[in-house]
Amino acid sequence: MVIYGLISGSIITLGAVGLSLTYGILNFANFAHGDIMTLGAFLALICLTLMQALRIPATTFGALSFGLPMVLALMMAMVLTGGVAILIDRILYRRLRKSGRIVLLIASVGVAFGLRNVIQFIWGPLPQYYSAEIQLARKIPLLGIRIKPDQIFIIGLAAFLVGMLHLFLQKTKTGKAMRAASDNIELARVSGINIDRVILYTWIIGAALAAAAGILGGLENKFITPNSGWEMLLPIFAAVILGGIGSPYGAIAGGMIIGLSEEISTAFISTAYKPAVPFVIMVAVLLIKPRGLFGGK
C-alpha cells in the first residue's frame with residue numbers, strides 16, 4: 001500500500017507543483033491544469049507513434065517495459081505542452097489578466113472543456129495505449145517487496161524533476177525572480193524584474209510538469225483517456241490546498257500526503273470511496289488551517 005501511495009503521490013506531486021506555481025504567480029486557480037496533463041499524455045502518444053514510423057531503435061533500459069522511443073516521447077511532449085500553454089496564455093489569459101482572478105478562473109474552465117473536446121474529437125472517448133509491452137509489465141522482487149520496474153521509473157523520474165525544480169528556484173536568477181514574484185508581484189515589478197519573462201517560465205515549467213504527470217499516470221494506469229487529467233484534478237487541488245496555495249514545496253508535501261492517504265485508506269474503507277479521501281482532507285484543511293501546512297500568514 002505504501003509503495004502504491006508513493007507512486008500515486010509522485011504523480012499528484014508533479015501536477016500539484018505546476019498548479020501551485022501558476023497560482024502563486026498568476027493568482028488564479030487554473031481549472032484547465034488537469035486537461036493540460038491529458039494533452040501532454042496524448043502528445044506523447046503522437047510522438048511515440050511518429051518515432052515508431054521513423055523506426056527509431058527500441059533500445060530498452062533494463063527490465064523496463066518500454067525503451068528509448070517512450071523516453072524521447074516523454075521529453076518531447078513536455079516541451080510541446082509548454083509551448084501550447086504559452087500559446088493559450090498569449091491568445092487568452094494575457095488579454096484577461098487585468099480583468100481579475102474570477103474572470104481568469106472562468107476562462108480556464110472554458111479552456112478545460114475546449115482541450116478535452118478537441119482530444120476526444122481526435123482520439124475518441126475510448127482508452128488509448130502506449131504499447132502492448134506496458135500492458136504486460138510484470139513485478140520483480142526488490143527489498144522484500146514486489147514492484148514493477150516501470151513504477152520505480154515513475155518514482156525516480158518524479159523525484160528527479162522535483163529536485164531539478166528545487167535547484168532552478170534556488171540557484172538560478174530566473175528561479176529567484178519567480179520566487180520574488182510569487183511573494184509580491186508588484187514589488188518584484190518595481191524592483192526591475194521582468195514579470196512577462198517570469199510568467200513565460202511559469203507556464204513552461206507548470207505545463208511541462210503537468211505533461212510529465214499525465215504521461216506517468218498513463219504508464220501506471222496502462223491507458224489514457226480524454227478525462228484522465230480531469231479525474232485527477234480534485235486530488236491535485238487537495239494537495240495544493242493542503243500544502244499551502246502558491247507554495248511549490250507545500251505542493252510536494254501535499255501531493256505525497258494525498259497519494260499515501262488514498263492508498264492507505266483502502267485498508268479501512270472500500271476502494272469505491274477512495275476518490276472521496278482527497279475531498280475530505282481538503283475540506284478538513286480549509287476548516288482547520290485554511291492557508292495549508294506551508295502557507296504564509
(request) With no solvent and one equal point scatterer placed on each C-alpha of the range 197-244, evaluate the Debye formula and give log10 I(q)/I(0) for q = 0.15, 0.18, 0.25 Å⁻¹, two decimals. (result) -0.49, -0.67, -1.00
(message) What's the magnitude of the charge dipole for the chain around its Cα centre, counting Lys and Arg as +1 and Asp and Glu as -1 at the beta-carbon? Answer in Debye, nearest 20.
(response) 640
(message) Can you order the peptides 11-20, 252-261 by their average number of other Cβ atoms within 10 Å per residue, highest first?
(response) 11-20, 252-261
(request) Provide, as a two-decimal number, the C-alpha radius of gyration of the range 53-119 over 2.2 N^0.38 Å, N being how many residues it has. (result) 1.65
(request) Could you bin all the Cα-Cα distances of the range 244-297 into 5 Å bins starting at 0 and give me the percent of pairs in each, rounded to whole numbers? (result) 4, 20, 26, 24, 15, 9, 3, 1
(message) Taking only complete DSSP H runs, can you tell me which helices of the chain stretch 20 Å or more along their own long axis by Cα positions and average at least -0.5 on the Kyte-Doolittle scale?
(response) 2-26, 33-53, 68-88, 101-123, 149-171, 195-221, 228-243, 248-265
(message) I'd like the GluC sites (Glu not before Pro) in the range 205-297 restricted to DSSP loop residues with at most 14 other Cβ atoms within 10 Å, sorted by number.
(response) none
(message) With only alpha-carbon pairs counted, each pair once and no self-pairs, how large is the Kirkwood hydrodynamic radius of the range 1-126 in angstroms?
(response) 16.4
(request) Determine by what factor the alpha-carbon radius of gyration of the range 126-211 differs from 2.2 N^0.38 Å, reporting the quotient. (result) 1.62
(request) Mind giving me the FRET efficiency for Val280 and Phe223? R0 is 35 Å, r the Cβ-Cβ distance, nearest 0.05 is fine. (result) 0.80
(request) For the range 66-202, state the average projected area of the convex hull of the C-alpha atoms over all orientations, rounded to one decimal in nm². (result) 12.1
(request) Once every Cα of the range 168-293 carries one equal point scatterer and solvent is ignored, give the base-10 log of I(q)/I(0) from the Debye formula at q = 0.20 Å⁻¹, two decimals. (result) -1.18
(request) Report the FRET efficiency, 1/(1 + (r/R0)^6), for Arg97 and Ile140, where r is their Cβ-Cβ distance and R0 is 51 Å, rounded to 0.05. (result) 0.55
(message) Could you tell me how many cubic angstrom of Cα convex hull volume the chain has per residue?
(response) 143
(request) In nm, give the distance between the simple-model label positions of Leu50 and Ile195, each being 7 Å from the Cα along the Cα-to-Cβ direction. (result) 3.5
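Every number here is computed from the coordinates shown, using simple stated rules; none is lab data. What you see is a predicted model; the values in this text were computed from it and never measured. Every residue, glycine among them, receives a Cβ derived from its backbone with ideal geometry; neighbour counts consider all protein chains shown.
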